[in-house]
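The values are calculated or read from the model by the stated rules, or taken from the named source; none is laboratory data. Just so we're clear, the structure is a prediction, and the values are computed from it rather than from any experiment. Quick reminder, even Gly has a Cβ in these numbers, built from the backbone with ideal geometry, and neighbours come from all protein chains shown. To get the accessible areas, we keep the full protein, side chains included, count just its heavy atoms, and leave off ligands, DNA and RNA. Shrake-Rupley method; radii C 1.70, N 1.55, O 1.52, S 1.80 Å.
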Amino acid sequence: MSNYVITASPHIRNKINTAFLMNMVSISLLPATIGGIVIFGWTNTLPLIALSIISAVVSEALFQKLLKLPMSYLDGSAIVTGFLLALCCPPGIPLWLPVIGSFFAIFSKQVFGGLGHNPFNPALIGRAFLVLSFPAHMTSWLKPFDVVTTSTPLAVFSEKGMSGVLGLFQGSVSTMHKSMFWGIRGGCIGEVFILGLLLGLALLLLTKTIQWYVPVTYMGTVFLVSWMLGMDPIFSILSGGVMFGAFFMATDYVTSPMLPQSKIIYGFGCGFINVMIRFFANMPEGTTFAILLMNVITPMLDNRIKKPVGFVKEKTS
Amino acid sequence: MKIKTFHPGGMHIPDHKDRTKDKPIVDMAPGKDLLYPLSQHVGIPAEPIVEAGQEVLIGQLIAKAQGDFSSNIHASVSGIVKDIKEYPHPISGLGTAIHIENDFQYSMLPSIKPPCFESEINLKAFVSFIQEAGIVGMGGATFPTHLKLNPPPDSSVDTYIINGAECEPYLTCDHRLMLEKTKELFDGLQIVQSYLRFKKVIVGIENNKMDAIEHLQNYVQENPMDVPVEIVPLVKKYPQGAEKNLIFATTNRIVPVGKLPFSVGCIVQNVGTLIAISQAIREGTPMIYRVLTASGDCLQEPKNIRVPIGTLLSDIVTFCGGFVKDPKELVFGGPMMGVNQRSQDVPVLKGTSGIIFLSTLEPLHETSCIRCGRCIENCPAGLMPYRFVELAKKNHFEDANHYFVNSCIECGLCTYNCPARIPILNYIRVTKQELKRKRSR
């Protein structure tokens, strides 16, 4: 008897596995990251990013050891979580913040059973935890190419309205749009360099890592709803972390729906809640909570039955 | 030239066809021992009509079909029946087979000669002739051909689709048949057409076989038939050759869930089947040979071979110059839907379209579903494969019916693509079996 392996078909596999997909997301984050590092200086950003990633991976290993789960801490998902969390922190904050933020992010994933079982995007949970626990640190922004603190255009907008925002950019709308596109404004490390975010999105779409539904409907909704509420829609999509969230956070596989129609509803919901928070709630930024709220109803959105090819409605006689 | 395809789902898989696509079909003489399992087709196994010690000739009937849903089996060499007992079976693992020892004389049964009937005989006689010849679908599903050529009276079949898609990686036997046996292919078509009178004939070929597409187009132009024959190039996308997908790609007709192609007026047949029909009618040879592709990264010389059915795998390995590296998996059929073999002591069956020797194993370490949605995106039946995993793990097999589990054609794309390496199709197979068991109880 020879020792050929017996398995059921198929006998070949696509090379793309979970680690490949996770690493693809990390790679797609690099253009925006490089932009952030250049704009805010490497001392204010690099140690923060590195520590956040290390903390996430170490926490993941720790939890898997304690909970006696399979040790998969190097599959790239913890790296993405730590990376994402660092990129949505303001530059120059104390380094213990991302460390405990990442720990909490991984905790929020592991209590539900690890990757694939978490209802909420771990990085956003980490950020929400930091924003709610240390609001002073999480809302102190560095001025680009400088060490003085400033305000984000969104914060200015929610205090003083559009005229206040224009005051930041010599009163010119086109200067405002241009500066905001190139990331010359206060904000989180990863969210300011719009060109880098667009490059990252292109990479994700071209490698078929994600589908277009969520980012397009999310951004489209933000644009349209802001415009209907009388806000400059271009300012609306360029400001805050909405683009970063729509491209990298809302598209998280685990916490977003799987069916195309559900993805469209989800993207719309994220965009709508996001603008509602910006306009009517007592905080300037809504991306974090918009996506977390939509995460809640993801299982509901997926609870549909897809009709197969050749489906015929049974006649009720 | 419009290139057609099906929706939804499907994807291109690295096809590895370069190894054999330019190699002409070579004849191979069988070894000393040949095995003829009684079950080589969908349906009831045939019943042996020879005894141990009996001499048989090429083309002699050795096992008789049991009813309509069965198929005759003929000897493909001359020699002596050694025994009839359980032998390793390539599909079911173990099954009764007739063991014939080759006398290397290759004496033909005297009655194997061109049958002298023209188109005078009626459809019924033609169909029963095909049945006698033991012809089954050669694409791999081995559905008895006489059943396909005999549409139910209440259906109005107008389109005949010849399947030359060959979407499985590695396989090139249909490709070579279209290039080398063009005359027989169209002769077979002419014969079928004279009885069934289709309004239209379509040959669907994936566009990684451009030479075959052009060759057939030229042939049709030079030898016009009394029915329009359209050579349709198809996008190279697995599973383009699956019956329902091929019908949709070439005619835009959708076969309803649980129905046969007859219901939308189509009959689909593989190129190899048509050539077998031609050979049976013109030469009188029953189904005793088949063309297959021996390939994979382990074989010294991958080849397209014409072998007598019943030839042992070990003889084919020798014929192909042995191995350059040790294979870990032997696959009968293509790598997407084929069946693994335990040993080389198994015979070629009527439906064996390829023998693939693979040195790499598919990863078996299953991790958690990350809900990426790739299984849904690529499913050619439009299903939600991940649901079946969730339900099977909870033993909620009944609920799988709500998600149309029986629409699954088992193409394997969900498992192929799963980044978490979940053998989704295995869960679906278990679900189908459980449901069948519950129904029969």
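Considering only protein heavy atoms and a probe of 1.4 Å, how much of the accessible area of segment A:140-273 is carbon and sulfur, as a whole percent? On segment A:140-273, the fraction of accessible area on carbon and sulfur atoms equals 70 percent. Take the Cα of B:E47, step 7 Å toward its Cβ, do the same at B:I3, and the gap between the two points is 5.2 nm.
Our coupling estimate for segment B:161-168, obtained by passing each phi through the Karplus curve with A = 6.51, B = -1.76, C = 1.60 and θ = phi - 60°, is 10, 9, 8, x, 5, 6, 8, 5 Hz, Gly and Pro reported as x. Couplings 3J(HN,Hα) of segment B:399-411, computed from phi: 5, 4, 4, 5, 9, 6, 4, 6, 7, 5, 9, 6, 6 Hz, in residue order, whole Hz [Karplus 6.51 cos²θ - 1.76 cosθ + 1.60, θ = phi - 60°; x for Gly and Pro].
When the helices of chain B are scored as -39500 (n - 2.57) per DSSP H run of n ≥ 4 and the total is divided over every residue, the value at 222 nm lands at -7500 deg cm²/dmol. P(r) tail, segment B:146-246: Cα-Cα pairs separated by more than 19 Å, 43% of all pairs. Within segment B:68-126, the chymotrypsin sites (Phe, Trp or Tyr not before Pro) that combine a DSSP coil assignment with at most 15 other C-beta atoms in a 10 angstrom radius are B:F69, B:F104, B:Y106, B:F117.
Legend: calculated FRET efficiency, B:D345 to B:M108, from the Cβ-Cβ distance at R0 = 35 Å, rounded to 0.05, equals 0.80.
In square nanometres and to one decimal, what's the mean projected area of the convex hull around the Cα atoms of segment B:318-421? If you can, show how the numbers build up before the last one.
Details: hull surface 35.0 nm².
Its average projected convex-hull area is 8.7 nm².
Annotation for segment A:217-308: trypsin sites (Lys or Arg not before Pro) lying in DSSP loop with at most 10 further Cβ atoms inside 10 Å of their Cβ do not exist. Spatially, segment B:1-68 and segment B:317-332 are offset by 19 Å when compared through their Cα centroids. How much accessible surface area, in Å² rounded to 10, belongs to the heavy atoms of A:I234 with a 1.4 Å probe? Rounded to the nearest 10, the figure is 70 Å².
Residue ranking by accessible heavy-atom surface, 1.4 Å probe, largest first, among B:K183, B:K328 comes out as B:K183, B:K328. Free of any GluC sites (Glu not before Pro) that DSSP assigns to a loop and that have at most 16 other C-beta atoms within 10 Å, the longest stretch within chain B is B:121-365. Here the spin labels are modelled as points 7 Å beyond Cα on the Cα-Cβ line, and at A:L293 and A:T207 they lie 3.3 nm apart.
Taking all pairs of distinct Cα atoms, average 1/r, flip it, and tell me the Kirkwood hydrodynamic radius of segment A:62-213 in Å to one decimal place.
Details: mean 1/r = 0.0572 Å⁻¹.
Averaging 1/r across every pair of different Cα atoms and inverting gives 17.5 Å.
Sort out for me the Cα centre separation of segment B:97-152 from segment B:217-259, rounded to whole Å. After rounding, the separation between the Cα centres reads 25 Å.
Roughly how much accessible area, to the nearest 100 Å², goes out of reach of solvent when B and A pair up, both sides summed, probe 1.4 Å? Don't jump to the answer; show the numbers that get you there.
Numbers: alone 19730 and 16070 Å², together 31350 Å².
Interface between B and A: roughly 4400 Å².
If you take the alpha carbon atoms of the protein assembly as shown and fit the smallest convex hull around them, that volume is 192 Å³ per residue. Kyte-Doolittle mean at least 1.6 and Cα extent at least 20 Å along the axis: which DSSP H helices of chain B qualify? In chain B, no H run is both long and hydrophobic enough.
Could you check how many percent of all C-alpha pairs in segment A:134-272 are farther apart than 17 Å?
Numbers: 5953 of 9591 pairs.
Considering segment A:134-272, 62 percent of its Cα-Cα pairs are separated by more than 17 Å.
With every protein chain left in place, what is the accessible area of A:I37 in Å² (1.4 Å probe, nearest 10)? Accessible area, nearest 10 Å²: 40 Å².
Converting phi to 3J(HN,Hα) with the Karplus coefficients 6.51, -1.76 and 1.60 and the offset θ = phi - 60°, segment B:90-107 yields x, 9, 8, x, 8, x, 5, 9, 8, 9, 10, 8, 5, 9, 6, 8, 6, 7 Hz in sequence order, with x at every glycine or proline. The trypsin sites (Lys or Arg not before Pro) of segment B:359-400 that DSSP puts in a loop, and whose beta carbon has at most 10 other beta carbons within 10 Å, are B:K394. Distance distribution note for segment B:374-440: the fraction of Cα pairs above 14 angstrom is 50%.
Diagonalise the Cα gyration tensor of chain B and give the resulting equivalent ellipsoid semi-axes, square root of 5 times each eigenvalue, largest first, whole Å.
Numbers: eigenvalues 211, 152, 102 Å².
For chain B, the ellipsoid semi-axes come out as 33, 28, 23 Å.
Just to be sure I understand: if I project the alpha-carbon convex hull of chain A onto a plane and average over all orientations, what area do I get in nm²?
Values: hull surface 90.4 nm².
Over all viewing directions, chain A projects a mean Cα-hull area of 22.6 nm².
Heavy-atom accessible area with a 1.4 Å probe sorts A:D232, B:D103, largest first, into B:D103, A:D232. A Förster radius of 45 Å, combined with the Cβ-Cβ distance separating A:L198 from A:I100, puts the computed FRET efficiency at roughly 0.90. Taking a span of 24 Å or more along the helix axis (Cα atoms) and a mean Kyte-Doolittle hydropathy of at least -1.0 as the rule, the DSSP H helices of chain A that qualify are A:18-40, A:42-66, A:260-280.
Ordering B:R253, B:R437 from largest to smallest accessible area (1.4 angstrom probe), what's the sequence?
On the way: B:R253 70, B:R437 115 Å².
From most exposed to least exposed: B:R437, B:R253.
Selection among B:N163, B:I355, B:Q60 by position relative to the dipole of chain B gives B:N163 as farthest towards the positive end (Cβ unit charges, Cα centre).
Normalised by the number of residues in chain B, what is the relative contact order in percent for Cα pairs under 8 Å and 6+ residues apart? Before the final figure, lay out each step's value.
Values: 985 pairs, mean separation 85.8, N = 441.
19 percent.
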